[in-house]
Structures are given as structure tokens and as C-alpha cells.
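Peer 1: I am attaching a structure below and will ask some questions about it afterwards.
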Amino acid sequence: MAKYTGPACRQCRREGVKLFLKGDRCFSDKCAISRRSTVPGQHGTGRKTVKEYGLQLREKQKAKRYYGILEKQFRNYYEKASRQEGMAGENLLTLIEKRLDNVVYRLGFAESRREARQFVLHGHFTLNGRKVTIPSLIVKPGDVISIKDTSRSKPRIKEILEGIESTNAPKWIELDKTNFVAKIAQNPQRDDVDFPFEEHLIVELYSK
């Protein structure tokens with residue numbers, strides 16, 4: 001499985017906004033955006049005029065990096081979203097929201113999407129009672145996600161579950177905080193996406 005292996009904070013600096021890629025670190029004084037907000041590289045401090053294409057590209061890159069998706073898969077999501085009824089941009093975001101790794105993160109079972117992806121790959125979750133190891137799997141209404149009983153005693157997962165009471169699950173997911181079980185109640189809507197994307201710029205870029 002292809003994945004980005006470079007510094008996560010460098011991605012935030014490149015987009016000039018917090019993408020919350022490193023969990024609690026993003027809310028601390030160690031956050032790269034707080035310490036050094038310039039674009040990476042020797043020319044990062046220079047002023048540049050951003051044209052229309054540049055705005056569109058940056059919005060696409062921002063979305064890719066926020067969800068931890070590489071170009072080929074992201075474009076496949078766009079093509080699938082464009083074939084669905086409704087607005088392609090909204091369809092794209094709500095489709096990606098239904099990725100299993102994103103759902104695990106939104107439920108508070110991981111501090112970042114990168115950590116959620118690792119947990120899923122290592123087989124710590126079940127989907128409808130069966131072990132699942134595919135982070136990109138798209139969930140659907142009625143699906144039930146749970147942490148395996150044998151995984152709940154793992155030090156890192158145990159630490160996260162101890163703070164699950166303070167988690168506010170998205171309204172499209174029902175979360176049982178006592179048994180650590182979640183059920184997909186409905187498909188997410190555009191206002192359920194918790195980041196201010198301008199998805200019309202992504203559509204304009206891919207429509208060229």
C-alpha cells in the first residue's frame with residue numbers, strides 16, 4: 001500500500017494551515033505552524049502571486065493531506081463522486097468521510113488519521129463482527145464497528161479508551177462509549193465534514 005512517509009508537520013506548513021496530522025501535538029506549542037508558519041524550502045519566505053490554478057491545486061493538496069490519501073486514489077474518489085447524483089464536490093468529501101480509518105479517528109479511537117490507519121492495518125477492529133485490515137474500506141449505514149476484545153488491553157489503545165468519554169461522535173454515527181461499539185446510522189452530509197474545504201476548487205481543477 002502506497003503512503004506518504006515524510007514529515008507530517010511539513011505538509012501543514014506547505015498548506016499554511018493546521019491539518020491535525022499528529023494528534024495532541026497539533027494543539028500544543030510544538031505545532032509546526034505555531035513555531036514556523038513559512039512554506040518549507042529555501043524560498044519559503046518569499047512572496048508569490050497565487051493564480052487560479054495555484055488556488056485549485058492547493059485546495060486539492062490540502063484535502064489529500066488532511067485525509068492522508070495519495071493522488072491516484074484521490075482521483076478515483078473524485079471520478080466515483082462525479083458519477084453520483086448531486087454536486088461532485090460534496091459527494092467527494094462525504095465519500096472520503098466514510099473511509100474506515102477516518103471513521104475510527106472521528107470516533108476518538110485514535111488521535112490522528114495516521115494512527116487510525118495503523119490500528120486498522122494491525123487488525124484491532126472488527127466490521128460487522130469480522131476482522132478488518134483495510135483502512136480505505138467505505139462503510140455504509142447499518143455497519144457496526146468495534147474494537148477487538150484482545151486489543152483493548154494494548155497499552156496505547158487502553159490509554160485512548162480511558163479518555164473516550166470526552167469524545168463527541170459525529171451525528172451520523174451512534175457510539176456506545178461503554179462497550180466501544182459504533183454503528184453507522186446514516187450517510188454523512190456536507191455539514192458533517194469538520195474542515196473548511198472549498199471543494200468547488202477541486203472540481204474546477206479536475207474538470208479541466
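Peer 1: Could you run through segment 166-203 and say how many residues are in contact with a helix residue (DSSP H, G or I) (Cβ under 8 Å, 6 or more places away or on another chain) and either assigned to a helix (DSSP H, G or I) or farther than 15 Å from Lys98 by Cβ (or both)?
Peer 2: Of the residues in that region, 12 qualify.
Peer 1: Which one of Ser166, Ser153, Ser136 is among the small types (Gly, Ala, Ser) and under 19 Å from the mean Cα position of the chain (by Cα)? I'd like the intermediate steps shown before the answer.
Peer 2: On the way: Ser166 fails: under 19 Å from the mean Cα position of the chain (by Cα); Ser153 fails: under 19 Å from the mean Cα position of the chain (by Cα).
None of the others qualify; the one that does is Ser136.
Peer 1: What pairs come out if I take residues in segment 121-149 that are more than 29 Å from Arg75 (Cα to Cα) and without any contact (Cβ under 8 Å) to a residue 40 or more places away in the chain and pair them with residues that are of a type in the set (Phe, Trp, Tyr) and assigned to a loop (DSSP other than H, G, I, E, B) whose C-beta lies under 8 Å away, six or more apart or interchain?
Peer 2: Ser146/Phe180; Ile147/Phe109; Ile147/Phe180
Peer 1: Out of the residues in segment 115-135 meeting the condition of being buried (at least 17 other Cβ atoms within 10 Å of the Cβ) and out of contact with any strand residue (DSSP E or B) (no Cβ under 8 Å at 6 or more places or on another chain), tell me which one is farthest from Asp101 (Cα to Cα).
Peer 2: Glu115
Peer 1: Within segment 169-208, track down each residue that is surrounded by fewer than 18 Cβ atoms within 10 Å (Cβ to Cβ), among the charged types (D, E, K, R) and either within 22 Å of Leu19 (Cβ to Cβ) or over 20 Å from the mean Cα position of the chain (by Cα) (or both).
Peer 2: If the condition is that a residue be surrounded by fewer than 18 Cβ atoms within 10 Å (Cβ to Cβ), among the charged types (D, E, K, R) and either within 22 Å of Leu19 (Cβ to Cβ) or over 20 Å from the mean Cα position of the chain (by Cα) (or both), then Asp176, Lys177, Arg190, Asp191, Asp192, Asp194, Glu198, Glu204, Lys208 are the ones that fit.
Peer 1: Same structure again: Which one is nearest to Asn179 (Cα to Cα), of the residues in segment 92-114 that are in contact (Cβ under 8 Å) with a residue 60 or more places away in the chain, surrounded by 23 or more Cβ atoms within 10 Å (Cβ to Cβ) and not hydrophobic (A, V, I, L, M, F, W, C)?
Peer 2: Result: Arg106.
Throughout, read-outs are computed from the coordinates displayed, never taken from laboratory work. Note that this is a predicted model, so its numbers are computed, not measured. Please note: Cβ atoms are built from the backbone with ideal geometry, for glycine as well, and neighbour counts cover all protein chains shown.
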